[in-house]
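So the structure is just underneath, and the comments pick up after that.
The values are calculated or read from the model by the stated rules, or taken from the named source; none is laboratory data. As the structure is a prediction and not an experimental result, all values here were calculated from the model. Cβ placement follows ideal geometry from the backbone for every residue including glycine, while neighbour counts extend to all protein chains displayed. In case anyone asks, the SASA skips ligands and DNA or RNA and just uses the protein heavy atoms, side chains included. Shrake-Rupley method; radii C 1.70, N 1.55, O 1.52, S 1.80 Å.
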Amino acid sequence: MTIKKATSKISRRAFLKNSITVAGSVAATTSIARAAKSMTREKKEPLVTLLDISKCIGCEECVYACQEANADKYPEPQKPFPKMFPNRVPVQDWSDKRDVTDRLTPYNWLFIQHASATVNGEEIELTLPRRCMHCDNPPCVKLCPWGSAKQEENGLSRIDSNICLGGSKCKKACPWDIPERQTGVGLYLDLLPAFAGNGVMYKCDRCYNRLEKGEVPACIEVCPEDVQTIGPRSEILKKAHALAREMNGYIYGEHENGGTNTIYVSPVPFEQLNQSIEKGKGKPHLNKVKNMMADGTNLAKAMLIAPLAGVAAAFGKFYLSSKEDN
């Protein structure tokens, strides 16, 4: 009994001092080398998803399959929420609006966007499944100062909710403003409830846990029209160009933001679709996007942030481990 009490007191009283020292000493010796390596290493060919817009009927089966498959990853916030000081980070609470499916939220990582277009003088309706684009060189990952956004070897990007502080750098860096915050959940509640990011950021993680088991993402598995195809980048790009030639269509995602691992093929120009779709909060655009990480400022920031993010991520994991031990 005495030993347990002593251990508890030591871990809580000396936690900040000891954990920062341990995490810093371990991470500092390796994080710079890892950062440099991650910028230059040869990656495995990423998994890319091809979406044939001409096939989508807007049934939303993919939306509900996504929610069901990822329900255990959704936030369960603590209320009342801590007050922020200063009051610069707004409360974003979707916990009572979990049934919203017409936009991206922390509880809805995929939605159907509607567009009208004219083809050969005929007005047609098109629907598009929208989610994270999973950029080949994702600014959300490279510019996350806490190291909670990461890119897997297969190319998908995801946010580790266990160590995210909800600072929304990922959303600001994303050309499509994809990630969404839920207040009252995450590491900030234990570390700096009045000063940190006020929650955790959420977005599509491409069902990474299903991919690890050799399964396809839930949205692909359930689609009755075979709208989506997933495979190695070179193979998918060949299929995309062949499909575009066949329908005399257009491609989106191959070059946007330097290339993404989500490729859309449409029978009408994406400029036309972009004029028609409803855009705004939680509803991304279809504009052309320059390569954000080709910008010298962003590259410099990424190189500076990488070692700091390594230390921060190590600290976060050490802290979670300490909490679990107690």
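Side notes on the structure shown:
- Yes/no for residue 228 being open to solvent by less than 50 Å² (accessible area, probe 1.4 Å) and not acidic (Asp, Glu): yes
- Enumeration of residues in the range 103-154 that are over 23 Å from residue 274 (Cα atoms), of a type in the set (S, T, N, Q) and open to solvent by 30 Å² or more (accessible area, probe 1.4 Å): 137, 151, 154
- Count of the range 68-96 residues, restricted to those that are open to solvent by less than 90 Å² (accessible area, probe 1.4 Å) and free of Cβ contacts under 8 Å to residues at least 12 places away in the same chain, is 2.
- Strands (runs of 3 or more DSSP E) wholly inside the range 155-268 that include at least 2 residues being in contact (Cβ under 8 Å) with a residue 60 or more places away in the chain: 180-182, 200-202, 228-232, 262-266
- Inside the range 78-116, residues that are more than 16 Å from the chain's Cα centre (by Cα), at pLDDT 95 or above and within 25 Å of residue 198 (Cβ to Cβ) make up a count of 10.
- Condition met for residue 130 (among the basic types (Lys, Arg) and over 10 Å from the mean Cα position of the chain (by Cα)): yes
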